[in-house]
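Accompanying notes for the structure given below.
The values are calculated or read from the model by the stated rules, or taken from the named source; none is laboratory data. Quick caveat: nothing in here was measured; it's all calculated off a predicted structure. So basically every Cβ, Gly included, is an ideal-geometry build from the backbone, and we count neighbours across all protein chains shown.
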Amino acid sequence: METATINAIHTFDVTAIRKDFPILNREVKGHPLVYLDNAATSQKPQSVIDALVHYYSFNNANVHRGIHSLAEEATADFEATRDAVKDFINAASREEIIYTRGTTEGINLVAYTWARQNLKPGDEVIISGMEHHSNIVPWQIICEQNNARLKVIPVNDSGELLMDEYRTLLNDRTRLVAVNHVSNAMGTVNPVKEIIQLAHEIGAVVLIDGAQSTMHLDIDVQDLDCDFFVFSSHKLLGPTGMGILYGKKDILDAMPVFAGGGEMIKEVTFEKTTYNELPYKFEAGTPNIADAIALKPAIDYINKIGKDNIRRHEDLLLNHATERLRSIDGLQIIGDNDHKVSVLSFVISGVHPQDVGILLDNKGIAVRTGHHCAEPLMNRFCVPGTIRASFALYNTIEEVDKLAEGLAKAVKILR
C-alpha cells in the first residue's frame, strides 16, 4: 500500500485514498467522474488490478492438480484468499468457505442442494419484502418444484421489516428463512441476529444475503450464528465474477453436490463416483482463479483502512446527502429510517428517475435508476423505480454537493 494510504488509516485522508483508485481520475462527458453507484459495484484499488495483472503475467496456471512451479504458486495464492475470507467473516474453518461466481450463485447453490433435498410438501420458506430478485426467484422455483410455500415479511412505510409480522409467520412448518442483511434498494440494515435467533428457536435454517453489508458492517458469522452467508467480491473492492458462500460445516457436509466435474471428486469409475471433501465438493471445474486471487488484496485494503474508519466516513456522506436532498422540492426518500448504510434512494414528484439519471450523467455523475432488482419493493411503495445514490470510502462531501446541485438543476429542467 502507498505511504499516503497508510497515513489515511489514521486521518482518513480521502484525497490520499482516491489516488489508489485509477478510474477516479477519468472524465465523463467533459466532467470529472463522480461515481455514486457503489451499491451496484465498487471501484477497484490499484493493488487489486495489480494482482490480476501479476497472475496472468507471471504464474498463470490451473490450480490444485499441477506439480510444476507455476501451478504451485497459483494454488498457494488461490488458497490464501480462502484463509483471508475465513478471517474476514470469522468462520470457524476454511472448509466452510466455498468459492462461487457471486451472491446469486451462492443462493442458488443452497436452493438447489439443501432446499431441494430438505423441503417437503407443505413446508414454508420465509423471505422479506425488500429482497433482491436473486433472493426471491430461486426460492419460488424450489417451492414450486417441492410443493412448498413462500411467505414474505412485510415492510413498513419507513423501509423497515415488521418484526411482529415475522414472528407471526414463523411456525413448525418453517424450514428456511432467507433475508438480506442490508437492502440494496434502500440501505436499510435488518436485525439479522434477532431474525436468526427466532428462526433457530423453531428449528429453521437461515441464509443471510450479505451482498450489501459485507463492505460496510463488521461480519462475524459465528456471532450471528447464521447457517449460510453469501456475498460478492465486486461490491467489496474486488473483481467481478467472484463470490463466497459460507456454510456451517455440518450442514455443508450433509448437502448433495451442486455441479459435477473435475476437482469435486475423489474417484470416478463408470459404476460409481465418490466426492471430494469440503470445500472442493462444491467447486467443480477450473475455478475463477485470477479473480479469486485478487479478492485477497481487496480484503487487505479494507482491513488496513479499517471498517470503523470507512463506516464513519460513509455515515458522514450519507447524513450530508440526506440533509441536502431533503431541501429539494418534491423529493421523497424511499427507506427513510435511522438504520442504514450509505445508500440514498429517492423519487422526485412529476419526474421520471431515468430522465434524472441521464441529466446527471451529462455532468459526469453516475447514479443508478430503476427498480434495482427489487421490483416487489418498488410495488410496495407504489413507484416504478427510484434514483439511488450510494457512497463509498473514496467519495467526498464535494461530490455529494455536486449531486445535490445536479438534482436541483434537473428538477428545473424536467418540470
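Couple of notes before you dig in:
- Entry remark, region 230-250: residues being outside any loop (DSSP other than H, G, I, E, B) and over 13 Å from Ala92 (Cα atoms) number 6 in total.
Yes/no per residue for (1) closer than 25 Å to Thr214 by Cα; (2) modelled with pLDDT under 95:
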| site | (1), (2) |
| --- | --- |
| Ser349 | no, yes |
| Asp361 | no, no |
| Ala366 | yes, no |
| Thr369 | yes, no |
| Leu377 | yes, no |
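- A residue that is in contact with a strand residue (DSSP E or B) (Cβ under 6 Å, 6 or more places away or on another chain), charged (D, E, K, R) and closer than 22 Å to Asn60 by Cβ occurs nowhere in region 289-298.
- The residue that is farthest from Gln212 (Cα to Cα), among those in region 252-262 that are hydrophobic (A, V, I, L, M, F, W, C) and loosely packed, with under 15 Cβ neighbours inside 10 Å, is Ala254.
- Pairs with Cβ under 7 Å, 6+ apart, first in region 379-394 and under 15 Å from Met130 (Cβ atoms) and in the same structural domain as Gly406 (by TED's automatic domain parsing), second of a type in the set (Lys, Arg) and assigned to a strand (DSSP E or B): Arg388/Arg368
- Close pairs from region 60-86: first in the same structural domain as Pro279 (by TED's automatic domain parsing) and within 22 Å of Lys304 (Cα to Cα), partner in a helix (DSSP H, G or I) and of a type in the set (S, T, N, Q), Cβ under 9 Å, at least 6 apart: Ala84/Asn303
- Residue match in region 262-273 (condition: of a type outside the set (Gly, Ala, Ser) and in contact with a Pro (Cβ under 9 Å, 6 or more places away or on another chain)): yes
- Residues of region 15-42 classified as in contact with a Pro (Cβ under 9 Å, 6 or more places away or on another chain) and either among the polar types (S, T, N, Q) or not assigned by TED's automatic domain parsing to the domain that holds Leu359 (or both), total: 1
- Ala91 being closer than 17 Å to Lys248 by Cα and outside any helix (DSSP H, G or I): yes
- Selection within region 393-405 - more than 28 Å from Gly350 (Cβ to Cβ), of a type in the set (A, V, I, L, M) and either out of contact with any helix residue (DSSP H, G or I) (no Cβ under 7 Å at 6 or more places or on another chain) or not in a loop (DSSP other than H, G, I, E, B) (or both): Ile397
- Residue match in region 22-32 (condition: at pLDDT 95 or above, surrounded by fewer than 17 Cβ atoms within 10 Å (Cβ to Cβ), on the phi > 0 side of the Ramachandran plot and part of a loop (DSSP other than H, G, I, E, B)): yes
- Applying the condition of being of a type in the set (A, V, I, L, M, F, W, C) and part of a helix (DSSP H, G or I) to region 34-64 and asking which residue is surrounded by the most Cβ atoms within 10 Å (Cβ to Cβ) yields Val48.
- Restricting attention to region 217-247, the residues that are farther than 22 Å from Ala51 by Cβ, within 11 Å of the chain's Cα centre (by Cα) and aromatic (Phe, Trp, Tyr) total 1.
- Within region 86-99, being within 17 Å of Phe282 (Cα to Cα) and out of contact with any Pro (no Cβ under 7 Å at 6 or more places or on another chain) holds for Lys86, Ser93, Arg94, Glu96.
- Some residue of region 228-245 being in contact (Cβ under 8 Å) with a residue 60 or more places away in the chain, buried (at least 22 other Cβ atoms within 10 Å of the Cβ) and touching a Cys at 6+ places or on another chain (Cβ under 9 Å): no
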